[in-house]
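The values are calculated or read from the model by the stated rules, or taken from the named source; none is laboratory data. This one's a predicted model, so the numbers in the text were calculated from it and none came from an experiment. Please note: Cβ atoms are built from the backbone with ideal geometry, for glycine as well, and neighbour counts cover all protein chains shown. Heads up: the accessible areas ignore ligands, DNA and RNA and are worked out on the full protein's heavy atoms, side chains in. Shrake-Rupley method; radii C 1.70, N 1.55, O 1.52, S 1.80 Å.
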Amino acid sequence: MTEATKVAGVRRAVAERIAAAAHVPITEAEEALEYPPDPAFGDLAFPCFGLAKARRAPPPKVAADLAGALVASPPVEGWSAAGPYLNVRLDSSLAREVLGNVLAEDACYGGGSEGAGKTVVVDYSAPNIGKPIAFHHIRSTMIGNALVRILRARGHRVVGVNHLGDWGTQFGYLLEALAGKTPAEVRAKNVRELSALYVAGNERAKKEPAVEDAARAAFARLERGDPGSRALWEACRDVSLREFDRIYRRLGVTFEATTGESFYEPRLAPLLADLERRGIATTSQGALVVDLSADGIATPCLLRKSDGATLYATRDVAAAIYRAETYGMEQALYLTDQGQSLHFKQWFAVVRRMGFGWAAGLVHVPFGVLLIYDEAEKEWTRGKTRSGRVVLLEEVLDESVRRARALIAEKNPALPAADAVAEQVGVGAVVFNDLKNRREKEVRFRFEDALRFDGDAGPYVQNAHVRACGIFRNAGRGPEASADVSLLAEPEARAVVAQLLRFPDAVARAAREAEPCHVAGSLLEISTAFHRFYHEHRVLGGGDPRVEGARLLLVHGVRVALRNGLGLLGLAAPEEM
Ligand code: ARG
């Protein structure tokens, strides 16, 4: 594909014309070009605020003057002013470029290279061993998974890390509760049983202080490397990982490293000694802390308790140093709920004090709470039933798949491999519901909303992809680069092209802002534009093979963008459903 047929080519051509009329540098005009929120306004828009300031004129006047001065000629079909914006309507060269790019880039459409040479560590999922994966764990797991894929698509080298919670005083309760059991007996249990023991131990400790002391002593033995404690702890870890892996497999989640908090244990004593020696950490009432008041953080970062125990923050500092040494990252993203913001602020500040250059690249990527609708009680809950039972991720996935299976039986009873498709649709529905809004917003999950075929939901997007695939199954021909895209003149066709044009930018923006919702939003827009087109215009059998060829190329664009976008979010793209 030649340079002139790239999308950048049309943007450039538009920028040249504006630059000449407005007397600004071409690159400046090109960088300022935006996509109007509603493609009906135009394909590109040039905001006139900067120019207005320089000319001491109102922006709408500047826009109107420019629109009056510029003449329509290829690739521009028309210039118009809308408030402070100069809107640009492009001719069919836009469709030629966009659809040409889709054909040429195929599975890479939506990708980019701005991340080339940059390494990013994404720390996500990170459940605690000894407890089952609760429904709310989907947030860290699937936002993280989407970011890994999106950043990779934009050229970054990405290292996905699962920072398992497998260390800390709380495991003392578990060990205490398991006293007298053999590792083999522990291995025969499941995580739910382990968790029950842990909860019971915690409850008893509230009433009997002796239990707490015993738990503390049990963890101390583990820290000292006592072989019996170690074997029991390892058995708990194995039981947990066995279950976690089953869920990760279902969600299509893989990590480059599963290095839990315990992994950093040998590095903690030297780290603390170093911090103390350099005067960064000081002793206060027997505890080792870093005073952060100079950083505007009122609460000091506690790194070692007076009883000698290290903390979550201690292990995070050690982990970051290890990752910088091992992976040489420019950036590290940490996916956790907003409740942990102070924790990250604190230990990021500690690492900055240590003088590491990479400390500036540490980013906490927080997200809001997940509410689930309790159908029996008719109320929204924070993932706990009235009786206090935690809703598990696996049971939500199972139920969603069951309902997807029922919907398929109703809509398409003859579908081959219906169970496999139901798994893709059911799991995808839960995942998409979590990714469709800005991550810091609270998420509400209700089966009937998440499983919609006609709303802002995963099945809706998957179904649009299925339709596009179905057209090709019936077409008996594939997409052809030679198709005459000037035949895609209908507003519904133009609207599809406009959304396909925006897709790679949506991916780039998602990477920049660590917001998968931009990809989800783009997929919904493409699906809606495609459904509209499909209802108004027949693709096959209209009589004119030239029109059919052009429309098939458009449908191919939809198919590729949806497939790629679903993949970036961690959803499957079935071809039939
Ligand atoms: N295990 C922690 C939790 O369940 C999340 C860990 C996040 N990652 C990190 N490096 N702190 O809350």
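Side notes on the structure shown:
- Test: residue in segment 418-441 that is without any contact (Cβ under 8 Å) to a residue 60 or more places away in the chain, surrounded by fewer than 14 Cβ atoms within 10 Å (Cβ to Cβ) and assigned to a loop (DSSP other than H, G, I, E, B): no
- Residues being assigned to a helix (DSSP H, G or I) and open to solvent by less than 70 Å² (accessible area, probe 1.4 Å) - total across segment 345-356: 6
- Subset of segment 162-184 [open to solvent by less than 40 Å² (accessible area, probe 1.4 Å) and among the aliphatic types (A, V, I, L, M)]: Leu164, Leu174, Leu175, Ala177, Leu178
- Listed by first and then second residue, the pairs with beta-carbon distance under 8 Å, at least 6 apart or on different chains, first residue in segment 113-141 and under 15 Å from Ala153 (Cα atoms), second more than 10 Å from the ligand (Cβ to nearest atom) and acidic (Asp, Glu), are Lys118/Glu330; Thr119/Glu330; Val120/Glu330.
- Number of residues in segment 442-468 that are assigned to a helix (DSSP H, G or I) and open to solvent by 10 Å² or more (accessible area, probe 1.4 Å) equals 7.
- Single match in Ala406, Ala359 (criterion: open to solvent by less than 30 Å² (accessible area, probe 1.4 Å) and modelled with pLDDT of 95 or more): Ala359
- Restricting segment 541-552 to residues that are touching an Asp or Glu at 6+ places or on another chain (Cβ under 9 Å) and surrounded by 17 or more Cβ atoms within 10 Å (Cβ to Cβ) leaves a set whose member that is nearest to Leu147 (Cα to Cα) is Leu552.
- Among the candidates Gly130, Gly110, residue that is at positive phi and at pLDDT below 95: Gly130
- When segment 149-161 is filtered for residues that are in a helix (DSSP H, G or I) and either open to solvent by 10 Å² or more (accessible area, probe 1.4 Å) or farther than 13 Å from Arg512 by Cα (or both), the ones remaining, listed by number, are Arg149, Arg152, Ala153.
- Figure legend. Inter-residue proximity from segment 69-82: first residues touching a residue at least 24 places away in the same chain (Cβ under 8 Å), second residues open to solvent by less than 40 Å² (accessible area, probe 1.4 Å) and aromatic (Phe, Trp, Tyr), beta-carbon distance below 6 Å, spacing 6+ or different chains. Indicated pairs: Leu70/Trp79.
- Screening segment 315-344 for residues that are of a type in the set (S, T, N, Q) and within 11 Å of the ligand (Cβ to nearest atom) and picking the one that is surrounded by the fewest Cβ atoms within 10 Å (Cβ to Cβ) gives Gln340.
- Only strands (runs of 3 or more DSSP E) whose full extent lies in segment 67-128 are considered here, and the ones with at least 1 residues that are over 16 Å from Arg11 (Cβ atoms), of a type outside the set (Val, Ile, Thr) and within 16 Å of the ligand (Cβ to nearest atom) are 119-123.
- Comparison of Arg532, Arg538, Arg563 shows that the only residue that is within 22 Å of Arg152 (Cβ to Cβ), open to solvent by 30 Å² or more (accessible area, probe 1.4 Å) and basic (Lys, Arg) is Arg563.
- Among the residues of segment 246-256, those that are open to solvent by less than 20 Å² (accessible area, probe 1.4 Å) and touching a Phe, Trp or Tyr at 6+ places or on another chain (Cβ under 9 Å) comprise Tyr248, Val253.
- Thr310 being open to solvent by less than 10 Å² (accessible area, probe 1.4 Å), within 16 Å of the ligand (Cβ to nearest atom), under 20 Å from Phe344 (Cβ atoms) and among the polar types (S, T, N, Q): no
- As a summary of the residue check, Leu303 satisfies the conditions (1) open to solvent by less than 40 Å² (accessible area, probe 1.4 Å); (2) within 14 Å of the ligand (Cβ to nearest atom) except for the one numbered (2).
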